[in-house]
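The values are calculated or read from the model by the stated rules, or taken from the named source; none is laboratory data. The shown structure was predicted, so the numbers you read here are calculated from the model rather than taken from an experiment. Using ideal geometry, Cβ is built from the backbone for each residue, glycine included, and neighbour counts are taken over all protein chains shown. Remember, those area values only see protein heavy atoms, side chains included, never the ligands or the DNA or RNA. Shrake-Rupley method; radii C 1.70, N 1.55, O 1.52, S 1.80 Å.
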Amino acid sequence: MTAVELGQPSFGGGLDLVPTTDETQKAKDYTSDQEVRWCPGCGDYAVLASVRSFLPELGLKRENIVFVSGIGCSSRFPYYLDTYGMHSIHGRAPTIATGLAVTRPDLSVWVVTGDGDALSIGGNHLIHALRRNMNITILLFNNRIYGLTKGQYSPTSEVGKVTKSTPMGSVDAPFNPVSLALGAEATFVGRALDSDRKGLTEVLRQAAAHRGASLVEIFQDCPIFNDGSFDVLRKGDEVAERLIPLVDGEPIRFGNEGEYGVVRSASGGLEVARIADVGEDAVVTHRAGEEDPTQSFALSRLSDQDLTHTVTGIFRKVDRPTYDDGARGQVTAATEQAQQRGDNLQALLSGKDTWAVLPEPENEQ
Amino acid sequence: MSTDTAVGPPSREVRQTHRVVIRFAGDSGDGMQLTGDRFTSEAAAFGNDLATLPNFPAEIRAPAGTLPGVSSFQLHFADYDILTPGDRPDVLVAMNPAALKANIKDLPHGGMLIVNTDEFTKRNLAKVGYESNPLEDDSLEPYTTHHVAMATLTRGALEPTGMSKKDAERAKNMFALGLLSWMYHRGTEGTEQFLREKFAKKPELAEANILAFRAGWNYGETTESFAVTYEVAPARLAEGTYRQITGNLALAYGVVAAGQQSKLPVFLGTYPITPASDVLHELSKHKGMGVTTFQAEDEIAGIGAALGASFGGALGVTSTSGPGVALKSETIGLAVALELPLLILDVQRGGPSTGLPTKTEQADLLQAMYGRNGEAPVPIIAPQSPADCFDAALDAVRMALTYRTPVFLLSDGAIANGSEPWAIPDVADLPDLTTTFATEPNAPDGSGEFWPYLRDADTLARPWAIPGTAGLEHRIGGLEKADGRGTISYDPDNHDRMVRLRQAKIEGIEVPDLTVDDPDGDADVLVIGWGSSFGPIGAACRRVRAAGMSVAQAHLRHLNPMPSNLGDVLRSYRRVVVPEMNLGQLSMLLRAKFLVDAHSYTKVAGLPFQAEELAGVLTDAVKGDLPA
């Protein structure tokens, strides 16, 4: 088997080929006539509000935006946006989005999925969409529970979680979605809290602008089956000591007074330290655009299951050719060659080796 | 086509014959498929009618010299229109003891056997359980056996090239081809040209193979072993220009043509699986004709991407075999609910589970018909021969686009790899498959809204509104939708109505009436089949009629919906016989739907029916000897 140099097209922005409009848009323009049917207090409301108010900022023609979802509470999302949308089947939204993105470069394609949808039944499609670097933006709503099926543990539930299906506590080791995405060669990985509209919008903005697969993990509350699961990141005195916001190009510091920093650990990874103990120079600087994902991965490992620390912001943002640009490039090149050669369907069907059967002579037989 | 060598030596008897069946059998690594393919091309170029049956193991290289490693290629060529690759070979070429042991039972007494004696060593004989050498005992007495030391002769012919003995021996399949080409008065130029092209980058290999091929030809010419040569005149097929084509190639061409005729980009989302992978291989060559191929991470992703492409306005296609259909079932159900066009190519193979990947079977009918949750009707079309795959693909796309529905096309391993002459169609005569996308709001209440499930009164199809169309933004999904508006609906009456509407849409698909072939006009037995059994059933009917009995034949191309005259046809015969390569799936449908006492004759041996056995069944039916 041989490999060839593909001569992939140059990079651009994620929305470069999507038509824009000069008309001013408002959140209301993205609001469909469907009544929103999530439970009162569901974190999905906050995310929906953020997305509705963020989309006008893109200035795209509304008809060129498509939201595709799988199955689960969060996957009802497309019904509530007045764009094109498809509520598909459990775990398969990335596959639908893949076919759409490859054939329609003029569309802004979004996938809305949850921790069960993306990481359990759809885990295979998620990693392959990231590996291929499809030009799509994946919003992974992580509430660490199965909500729509009424409260079973999910692949992101903490070990020992007592649920309807695990009365003695779950024995599964959970996924860390950011680590998983980085391991799957994702070119853009971010994380935000549902209630942090500013932080979420900033991650969405950069995710949309990224050409390639963007994975945005959104921590989100399920008030019915996992109530208050992220409260320690929202309120109380400890919030600042738990949340580690990433700012590209800046030293990674946090705490009420910025008294904590992320530093290299003896094992080669990263750890949290008091700056007073280690000195300013020991604090590592965040570089989302670093080709080597090692530091981004180490940052993802700082997020503990018990939320002692949670890193938010953009972990990684690098350029790599996208599958859809590459596939279209081959079709375009082949089409040009075919036109130059004058290929046509008749010639294809006829092939090279043919023989003619002439009319039968009369009166024979 | 060269005719310079197509003349037998004058001292030999040249016998005219109407038809010949040759089977090349050897080890998986012996190049039997290539040899058979090449002889097929020569027969095609000569103008014979032909039909082929490749038969190979699922393992790429099973242990050399063993029975599981035997690969064979059967070719039937004739001077008239034939229907099958032939029941039994007239000539068996056996390259080793395993090939002899696996195939000799099919050679009729008096048949010609050509054996490569070099491989009949003690060790190779022991490998397949021969206690004594069949070339030396009397077990081959019933046959006209020719002992030819093909490896030795090939080695000798290639000596001047300086190739190693081992490499030289690998060309022995070309020696066999040369010998058979001589025996049947086939030219040498076509094959030599083919070898030069095939090994264009390794001219030394091309020359070696050509030397072996010529050595085989000359061996026939110069030795006294072969007293007779045979001529099979060109067949009187219908006027036209022909080429040889396999089912998978015809299927791929049908998809390319459907894209051109519908003016839609084609998107194939698929995952490699035997025996359907050649469809992917072929379509991946035709990017210049507007075809995008996507090799997905699994079967589910393949069809998911195809459906996504259909949502965006492309012609979504997925190709697979039975196990893949099982994985795709949920997405097919989604496509039924979304009412979007989608073509599902199922090249059936032996099941259940992994089953017999390289062998044929037609046991996916009920899976295609009912293999989904809920009431999820899907049209089904089945081609009856390799070349017919082209027309079937176009017809499948017609249904998919006109009625906005997924459509199953059921091919099978025998059709996929088998080949026959194909009267190349004139593109100008191909059906127009152009379709329209919705561009305007359509709400009947004048609200200016777009209702994605407002149906066409004739076809019951819904509008296809693709993203990018302003004003038609809408959401669709797997949840039940309100009739017309398409919004989520849990209303009981609405669900009942939508289930019936989806069913009515598929039942209302226009398909041609079933035609019955009853040349005598007085048959009281009807034999009805579907898919690849057309050839053996037709050949069986010819035999029965040649014996002075009457039998009517009909073949179902459309399995869902079935032709509207089918019930009348079935009820107008005293006896209905349904041969199938499954345990009676069509006969069950016919019995359930039409309350006819259809007699099911089934066989699931991984091989096509033989005309002889079916003729026996039909004869019994005509004579009233079939069990009730």
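Here are the numbers for this structure:
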| read-out | value |
| --- | --- |
| Single unsatisfied condition, B:PRO275 versus (1) crowded, with 24+ Cβ neighbours inside 10 Å; (2) in a helix (DSSP H, G or I); (3) more than 10 Å from chain A (Cβ to nearest Cβ) | (2) |
| In the range A:236-286, the residues that are over 16 Å from A:GLY313 (Cβ atoms), acidic (Asp, Glu) and in a loop (DSSP other than H, G, I, E, B) | A:ASP237, A:GLU238, A:GLU257, A:GLU259 |
| Close pairs from the range A:333-349: first within 8 Å of chain B (Cβ to nearest Cβ), partner open to solvent by 60 Å² or more (accessible area, probe 1.4 Å), Cβ under 7 Å, at least 6 apart | A:LEU345/B:GLN260 |
| Looking only at the range A:45-104, and only at residues there that are open to solvent by 30 Å² or more (accessible area, probe 1.4 Å) and among the polar types (S, T, N, Q), the one that is nearest to the other protein chains (Cβ to nearest Cβ) | A:THR103 |
| Residue check, B:THR318 closer than 16 Å to B:GLN348 by Cβ and assigned to a strand (DSSP E or B) | yes |
| Members of the range B:186-213 that are assigned to a loop (DSSP other than H, G, I, E, B) and open to solvent by less than 10 Å² (accessible area, probe 1.4 Å) | B:ARG186, B:GLY187 |
| Qualifying residue in the range A:283-298 (condition: closer than 30 Å to A:ASP221 by Cβ, away from chain B (no Cβ under 14 Å) and of a type in the set (Val, Ile, Thr)) | no |
| Neighbours by Cβ (under 9 Å, 6+ apart or cross-chain): first from the range B:34-48, on the phi > 0 side of the Ramachandran plot; second charged (D, E, K, R) and open to solvent by 10 Å² or more (accessible area, probe 1.4 Å) | B:GLY47/B:ASP79 |
| Among (1) on the phi < 0 side of the Ramachandran plot; (2) open to solvent by 30 Å² or more (accessible area, probe 1.4 Å) - the single one B:LEU595 does not satisfy | (1) |
| Test: residue in the range B:441-451 that is buried (at least 22 other Cβ atoms within 10 Å of the Cβ), assigned to a loop (DSSP other than H, G, I, E, B) and either without any contact (Cβ under 8 Å) to a residue 40 or more places away in the chain or aromatic (Phe, Trp, Tyr) (or both) | yes |
| Residue match in the range B:379-389 (condition: under 25 Å from B:ARG462 (Cα atoms), among the β-branched types (Val, Ile, Thr) and touching a residue at least 24 places away in the same chain (Cβ under 8 Å)) | yes |
| Residue in the range B:116-123 that is in contact with a helix residue (DSSP H, G or I) (Cβ under 9 Å, 6 or more places away or on another chain) and of a type in the set (Lys, Arg) present | no |
| In the range B:240-272, residue farthest from the other protein chains (Cβ to nearest Cβ) [restricted to those that are part of a helix (DSSP H, G or I) and β-branched (Val, Ile, Thr)] | B:VAL255 |
| Among residues of the range A:275-298, those that are touching a residue at least 60 places away in the same chain (Cβ under 8 Å) and open to solvent by less than 30 Å² (accessible area, probe 1.4 Å), counted | 1 |
| Sole exception among (1) more than 14 Å from chain A (Cβ to nearest Cβ); (2) closer than 23 Å to A:ARG76 by Cα; (3) open to solvent by less than 40 Å² (accessible area, probe 1.4 Å); (4) not polar (S, T, N, Q) for B:HIS474, by number | (1) |
| Number of the condition not met by A:ASP281 [criteria: (1) over 30 Å from B:PHE46 (Cβ atoms); (2) in contact with a helix residue (DSSP H, G or I) (Cβ under 8 Å, 6 or more places away or on another chain)] | (2) |
| Only listed residue being part of a loop (DSSP other than H, G, I, E, B) and in contact (Cβ under 8 Å) with a residue 24 or more places away in the chain, chosen from B:ARG455, B:ARG502 | B:ARG455 |
| Test result for A:ILE145, out of contact with any strand residue (DSSP E or B) (no Cβ under 8 Å at 6 or more places or on another chain), over 14 Å from A:ASP324 (Cβ atoms) and in contact (Cβ under 8 Å) with a residue 24 or more places away in the chain | no |
| Matching helices (runs of 4 or more DSSP H) fully within the range B:519-628 where at least 3 residues are out of contact with any Phe, Trp or Tyr (no Cβ under 9 Å at 6 or more places or on another chain) | B:534-546, B:585-594, B:611-623 |
| Residue, nearest to the other protein chains (Cβ to nearest Cβ), within the range B:278-295, restricted to residues that are part of a helix (DSSP H, G or I) and touching a Ser or Thr at 6+ places or on another chain (Cβ under 6 Å) | B:GLY288 |
| Subset of the range B:83-103 [surrounded by 24 or more Cβ atoms within 10 Å (Cβ to Cβ) and either under 16 Å from the mean Cα position of the chain (by Cα) or not in a helix (DSSP H, G or I) (or both)] | B:THR84, B:PRO85, B:GLY86, B:PRO89, B:LEU92, B:VAL93, B:ALA94, B:MET95, B:ASN96 |
| Flag if A:LEU182 is touching a Phe, Trp or Tyr at 6+ places or on another chain (Cβ under 7 Å), farther than 19 Å from A:VAL47 by Cα, open to solvent by less than 60 Å² (accessible area, probe 1.4 Å) and at pLDDT 95 or above | yes |
| Residue in the range A:311-331 that is under 21 Å from the mean Cα position of the chain (by Cα) and facing chain B (nearest Cβ under 8 Å) present | yes |
| In the range B:524-564, the residues that are open to solvent by 30 Å² or more (accessible area, probe 1.4 Å) and either touching a His at 6+ places or on another chain (Cβ under 9 Å) or not acidic (Asp, Glu) (or both) | B:PHE534, B:ARG542, B:ARG543, B:ARG545, B:ALA546, B:ALA547, B:GLY548, B:MET549, B:ARG557, B:SER564 |
| Matching residues in the range B:146-159 - criterion: being surrounded by fewer than 19 Cβ atoms within 10 Å (Cβ to Cβ) and either aromatic (Phe, Trp, Tyr) or touching a residue at least 12 places away in the same chain (Cβ under 8 Å) (or both) | B:HIS146, B:HIS147, B:ALA149, B:THR152, B:GLY156 |
| Any chance B:ASP298 is within 11 Å of another protein chain (Cβ to nearest Cβ), among the acidic types (Asp, Glu) and under 26 Å from the mean Cα position of the chain (by Cα) | yes |
| Any chance B:GLY216 is surrounded by 18 or more Cβ atoms within 10 Å (Cβ to Cβ), in the same structural domain as B:ASP278 (by the TED database) and modelled with pLDDT of 95 or more | no |
